[in-house]
Amino acid sequence: MTQTTDVDRAYDLDRAHVFHSWSAQGSLDPMVVSRAEGSHVWDDGGNRYLDFTSQLVFTNLGHQHPAIVAAIREQAETLCTVAPQHANAARSEAARLIASHTPGDLNRVFFTNGGADANEHAIRMARLHTGRQKVLSTYRSYHGGTQLAVNATGDPRRWPNDTASTGTVHFFGPYLYRSAFHAVTEEEESQRALEHLEQVITLEGASTIAAVLLEPIPGTAGIMLPPPGYLRGVRDLCDRHGIVLIADEVMAGFGRAGRWFAIEHGGVVPDLLTFAKGVNSGYVPMGGVAISDEIHATFTDRVYPGGLTYSGHPLACAAAVATIRAMEEDRVVEHAAALGREVFGPELHAVAEKHEWVGEVRGTGVFWALEMVRDRGTREPLAPYAGDSPEMGAILAACKRRGLLPLASNNRIHLVPPLTSTSEEVREGIGILDTALGEAHGEFM
Ligand code: PLP
């Protein structure tokens, strides 16, 4: 009884007072999450769901991880907060642990409150380091909701925010399934995407370009794994033209792609690497920029003109320390890689064989997408770019009825549960998806 009353009150107060992200407020009907544990969440009616969203792809170690909760509690009892100009044990240790896993010489960490401001600061550092202004980023990308980050974004969320005044220029990244280059092999896609980027650099003027900002594996845009050689080629172009390479690892980093950082799949080291989400499983807001020695040296004697009140907040840092230690001790990254190889890959390909709406299966680690199409021959998307469709709605509703929360984006279903999910949980979720696809397809026959 009390439970129902609390849930009703939470819902009513939300509708009365909470303004939600990326939404027309009038039509919202949010699910009240009353409880969460491990790979599951419970709704207002006490129904349990397998959380294949990791919320917004951040609860990498699942919900209510005891070591992270304990670390936050302990930090709160010891020293809840401290200003960024002071040193603090939780922050120092978090920075050390992060730097111990970032590739190459990304040895310094600037902490932010989330992913968007991490990208804002990375761009600011690149601009000050190079003395140039432009930022090149890909179509089909997401870099955050703040003004510069959303202008660098290459998805429809940019459109209503695009002031076209911030020196952001977009190019096509590799995406063989819908190749902008009429490529039919990975080699062609890689080579032509690099030739295209080179042309963009030439035509924009290399001497005006501060940075190339890219997600080593674009996340929200569709989990498109870059073909072999692409990231190496981008690194070479940046080196040749004195351009800073910023890897946005906000979604793909911290084990999601079966490596500590997704860029490791390409075997290259960026100059700046941005992170958030998985760094502390999103238990307390935090993001950051990992900085190379060379860029760090730019600010040895020169003031870095930027900062945040909560940069390196002790509660967030304590959560990061506990998260990273748990990842090391429990070999979470290795587990994520094995789940991808042994469970997601084979099981999702088997699902694709059975359902003609599945156009392509893509992914690695615990980072997978099904690209849904009306027709495998024409590859017409099952929902238009920047839109949804009754068919996609039916799939999601069928999943939810059967106890699975997947993440949908346009014509794709993203399967991104916690990295700590067991293979049984992953099999169970994919089994539900399989049934839901059949059910939804039946509605349109
Ligand atoms: N970059 C990428 C790749 C993301 O996926 C996101 C969020 O989804 C962001 C940046 C923005 O992060 P935040 O929402 O913490 O500002």
Practice problem: Scan the range 240-316 for trypsin sites (Lys or Arg not before Pro) in coil per DSSP, keeping those whose Cβ has at most 15 other Cβ atoms within 10 Å, and list them by number. | Solution: R302
Self-check item: Exposure proxy order (Cβ contacts within 10 Å, fewest to most) of D29, D117, D248, D8
Solution: D29, D8, D117, D248
Self-check item: Pair S27, A99: separation of 7 Å Cα→Cβ label points (nm)
Solution: 4.9
Quiz item: Which parts of the range 335-378 would a label at R232 reach, counting a residue when its backbone N lies under 11 Å from a point 7 Å out along Cα-to-Cβ?
Solution: none
Practice problem: Give the calculated FRET efficiency between A297 and R401 to the nearest 0.05, with a Förster radius of 45 Å applied to their Cβ-Cβ distance. | Solution: 0.20
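Which is the longest stretch in the chain that no exposed loop site breaks, taking sites as chymotrypsin sites (Phe, Trp or Tyr not before Pro) with a DSSP loop state and at most 15 other Cβ atoms within 10 Å?
Numbers: sites that count: F19, W22, Y385, F444.
Of all site-free stretches, the longest is 23-384.
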Exercise. Determine the calculated [θ] at 222 nm for the chain from helices alone, applying -39500 (n - 2.57) to every DSSP H run no shorter than 4 residues and normalising by the residue count; nearest 500 deg cm²/dmol.
Key: -12000 deg cm²/dmol
Practice problem: Using label points projected 7 Å from each Cα along Cα→Cβ, tell me how many nm separate D330 and V82, to one decimal. | Solution: 2.8
Exercise. State the extension gain, in nm to one decimal, for the chain segment bounded by R48 and H349, taking 0.36 nm per residue of separation less the distance between their alpha-carbons.
Key: 105.7 nm
Quiz item: P(r) for the chain: what percent of alpha-carbon pairs falls in each 10 Å bin, starting at zero?
Solution: 4, 21, 31, 28, 14, 3, 0
Exercise. Apply 1/(1 + (r/R0)^6) to the Cβ-Cβ distance of R9 and L56, taking R0 = 25 Å, and write down the FRET efficiency to the nearest 0.05.
Key: 0.50
Self-check item: Fewest-first ranking of T300, T274, T185, T102, using other Cβ atoms within 10 Å as the exposure measure
Solution: T300, T185, T102, T274
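With +1 assigned to the C-beta of every Lys and Arg and -1 to the C-beta of every Asp and Glu, and no other charges, what is the dipole magnitude of the range 361-445 about the Cα centre in debye, to the nearest 20? List each step's numbers first, then the result.
Numbers: 9 positive and 11 negative charges, 27 e Å.
Value, rounded to 20: 120 debye.
Determine, for V150, V169, V184, the number of other Cβ atoms within 10 Å of each Cβ, and report the residues in order from fewest to most.
On the way: V150 23, V169 16, V184 10.
Ranking V150, V169, V184 by Cβ neighbours within 10 Å, fewest first, gives V184, V169, V150.
Mind checking the full-extension length gain between E380 and A70? Use 0.36 nm per residue of separation minus the Cα-Cα distance, one decimal, nm. Spell out each step's value before the answer.
Details: separation 310, 0.36 × 310 = 111.60 nm, distance 4.88 nm.
Result for the pair: 106.7 nm of gain on full extension.
Counting other Cβ atoms within 10 Å of each Cβ, which trypsin sites (Lys or Arg not before Pro) in the range 304-358 have at most 14 and sit in a DSSP loop? Working shown, then result.
On the way: sites: R325, R331, R341, K354; in loops: R331.
Answer by residue number: R331.
Where a number appears in this text, it was derived from the coordinates with a stated rule and is not lab data. All values reported here derive from a predicted model rather than from experimental measurement. FYI the Cβ positions are ideal-geometry reconstructions off the backbone, even for glycines, and counts take in every protein chain you see.
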